[in-house]
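Enquirer: Here you go, one structure.
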Amino acid sequence: MAVAIPLAFTVSAMAAGWTDRSEYDLVLSIRSEASPQKRLALLDEWKAKYPATDLRQARNELYFAAYQSLGDSPRMLETAQAILAAQPDNLVGLYWCTLLVTQAKEPSPALLSTSEKAARQLLAGLNAAFSPEKKPPSIADDEWQKQKNAVELLAHRALGWIQWQRGEYAGAEPEFTQSLRLDPRDAEISAWFAIVLALEKQPEKQIPALWHLARAASLRDTGALPAAQRRQMDAALERLYISYHGETEGLDQLRSRSVESPFPPAGFNIESAASMAARRQEEELKRTDPERAAWLGIRKQLDADGGQDYFSSTLQKSPLPKLKGVLLRFSPAGKPQELVLSMTDAASADVTLKLTSPFPNEAEPGIALKFEGAAESFSRNPFQLTVSADPEKIEGWPEPPAPASKRK
């Protein structure tokens, strides 16, 4: 990201303190030399002849300006660090250490530490540096505010990147969030944010990661990544989207929606492959075995943290849907009025049916029964749902044997 250096951050003026006339003449020749390469040669000569000059800091700033003219970012960053080492509150060093750290290919812990301190110092002094009293008369108020915002963006951007490089992903999130609030069209920050969220490997972070990656790949014009990087982002997006969702359905809609906002809207969702498979399985079960599907839905809500509230506010206030279970046992013998059922494949006693009137005969345990009724009570540990049911609403109970006279 190219950021123009704010007017408040300019190379300091030379101060009196020449060692001798020769040093004075040498520095004048450096400042009048138009060629950056020749300026560097003269600066090297000055450094060799006057290593302990009182103008070492001014020399560093002239070195920096020469490297800047050549577009030599690594040397610029190295020189900015030297400026800060000699003068920790130097605005030139603070600004450029903050700006250039994100371009370092293999940042050392020392560089990350120096640049983090620089970024935080910029933020701490932001209001003072850009106070109305310090605004030059030639600069409009809105331009002064833009310059202030540019420095704030620079600092948050660098802090997020530094946290990312350290593997402190949770710390990078608020910095990238603030960066995108200051510059919503910075596709590079969206790309970095996507990587950080994906690296956290937390289920709730995967959808925002896909959103930011889609935005980085899809933004055009102002703030967009170069075409080659966009293609790389888009290829990564498709891989991660399929890994999460299971197929490309909905990917084009994600691309188009992500361009509209730097952050996903409230309630935005992408269904995971696991969730989609479970939903389709549930839909198939509802079609082929509606009674079992109805029970699994009830059991899921009763097992949840708010299971007791669900029972009291919902399940107990309306008739149950038709359900089915396997008879485990009954009581009393002869004319059963209480049936204990297993509602799953396991032989767990899940439901107790209390009949409004007894059956006239017994049944063999293991038979399948379908029933309707009203929930009476519920206990969670051990799990037990008690249901009041009319025998006429129970399907599968065997007919009583015919009288002996009729069997002859």
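The values are calculated or read from the model by the stated rules, or taken from the named source; none is laboratory data. On a predicted model such as this, the values are computed, not experimentally measured, just so you know. A quick note on method: Cβ atoms are made from the backbone with ideal geometry, for glycine too, and the neighbour counts reach across all protein chains shown.
Enquirer: Can you find even one residue in segment 113-120 that is modelled with pLDDT under 95, in a helix (DSSP H, G or I) and either farther than 28 Å from Lys201 by Cβ or in contact with a helix residue (DSSP H, G or I) (Cβ under 9 Å, 6 or more places away or on another chain) (or both)? First the steps, then the outcome.
Expert: Of all residues in segment 113-120, those modelled with pLDDT under 95 come to none.
Within segment 113-120 (the criterion being modelled with pLDDT under 95, in a helix (DSSP H, G or I) and either farther than 28 Å from Lys201 by Cβ or in contact with a helix residue (DSSP H, G or I) (Cβ under 9 Å, 6 or more places away or on another chain) (or both)), the answer is no, since none of the residues qualifies.
Enquirer: Scan segment 240-247 and tell me whether some residue there is surrounded by fewer than 13 Cβ atoms within 10 Å (Cβ to Cβ) and under 19 Å from Lys205 (Cβ atoms). Write out each step before concluding.
Expert: The first filter runs over segment 240-247 and keeps only residues surrounded by fewer than 13 Cβ atoms within 10 Å (Cβ to Cβ), leaving 243, 247.
With under 19 Å from Lys205 (Cβ atoms) added as a condition, the list becomes 243.
The answer is yes; a qualifying residue exists.
Enquirer: Quick check, is Asp309 outside the structural domain of Gly223 (by TED's automatic domain parsing), more than 30 Å from Glu395 (Cβ to Cβ) and charged (D, E, K, R)? Walk me through how you get there before you give the answer.
Expert: Working: outside the structural domain of Gly223 (by TED's automatic domain parsing): yes; more than 30 Å from Glu395 (Cβ to Cβ): yes; charged (D, E, K, R): yes.
The answer is yes for Asp309.
Enquirer: Among the residues of segment 352-369, write down those that are surrounded by 14 or more Cβ atoms within 10 Å (Cβ to Cβ) and touching a Gly at 6+ places or on another chain (Cβ under 6 Å).
Expert: Once the filter is applied, which keeps residues that are surrounded by 14 or more Cβ atoms within 10 Å (Cβ to Cβ) and touching a Gly at 6+ places or on another chain (Cβ under 6 Å), segment 352-369 yields only Leu369.
Enquirer: Within segment 325-337, is there a residue that is within 17 Å of Gly396 (Cβ to Cβ), of a type in the set (A, V, I, L, M), touching a residue at least 40 places away in the same chain (Cβ under 8 Å) and not in a loop (DSSP other than H, G, I, E, B)?
Expert: yes
Enquirer: Further question: In contact (Cβ under 8 Å) with a residue 12 or more places away in the chain, more than 21 Å from Glu282 (Cβ to Cβ) and not hydrophobic (A, V, I, L, M, F, W, C): does that describe Glu392? Steps first, please.
Expert: Numbers: in contact (Cβ under 8 Å) with a residue 12 or more places away in the chain: no; more than 21 Å from Glu282 (Cβ to Cβ): yes; not hydrophobic (A, V, I, L, M, F, W, C): yes.
When the stated conditions are applied, Glu392 does not pass them.
Enquirer: Taking the stated definitions as given, is Ser261 under 30 Å from Ser190 (Cβ atoms), in a helix (DSSP H, G or I) and out of contact with any Asp or Glu (no Cβ under 9 Å at 6 or more places or on another chain)? Outline the logic, then answer.
Expert: Working: under 30 Å from Ser190 (Cβ atoms): yes; in a helix (DSSP H, G or I): no; out of contact with any Asp or Glu (no Cβ under 9 Å at 6 or more places or on another chain): yes.
Judged against the criteria, Ser261 is not a match.
Enquirer: Moving to a separate point now. Quick one: is Arg31 charged (D, E, K, R), in contact with a helix residue (DSSP H, G or I) (Cβ under 8 Å, 6 or more places away or on another chain), in the same structural domain as Ala119 (by TED's automatic domain parsing) and crowded, with 17+ Cβ neighbours inside 10 Å? Step through it out loud before you land on a result.
Expert: Details: charged (D, E, K, R): yes; in contact with a helix residue (DSSP H, G or I) (Cβ under 8 Å, 6 or more places away or on another chain): yes; in the same structural domain as Ala119 (by TED's automatic domain parsing): yes; crowded, with 17+ Cβ neighbours inside 10 Å: no.
No: the conditions fail for Arg31.
Enquirer: Next question, about the same structure. Kindly provide the set of residues from segment 279-311 that are of a type in the set (Val, Ile, Thr) and farther than 16 Å from Ala375 by Cα, ordered by number. I'd like the intermediate steps shown before the answer.
Expert: Filtering segment 279-311 down to residues of a type in the set (Val, Ile, Thr) leaves 288, 298.
Passing the criteria: only Thr288.
Enquirer: From Lys105, Lys117, Lys134, which residue is of a type in the set (Lys, Arg) and either more than 25 Å from Arg166 (Cα to Cα) or in contact with a Lys or Arg (Cβ under 8 Å, 6 or more places away or on another chain) (or both)?
Expert: Only one candidate passes the filter, namely Lys134.
Enquirer: Regarding Ser218, is this residue among the hydroxyl-bearing types (Ser, Thr, Tyr) and within 30 Å of Thr344 (Cα to Cα)?
Expert: Working: among the hydroxyl-bearing types (Ser, Thr, Tyr): yes; within 30 Å of Thr344 (Cα to Cα): no.
No: the conditions fail for Ser218.
Enquirer: Could you tell me which numbered condition Asp186 fails, if it satisfies all but one of (1) under 18 Å from Leu122 (Cα atoms); (2) in contact with a Gly (Cβ under 7 Å, 6 or more places away or on another chain)?
Expert: Of (1) under 18 Å from Leu122 (Cα atoms); (2) in contact with a Gly (Cβ under 7 Å, 6 or more places away or on another chain), only one is false for Asp186: (1).
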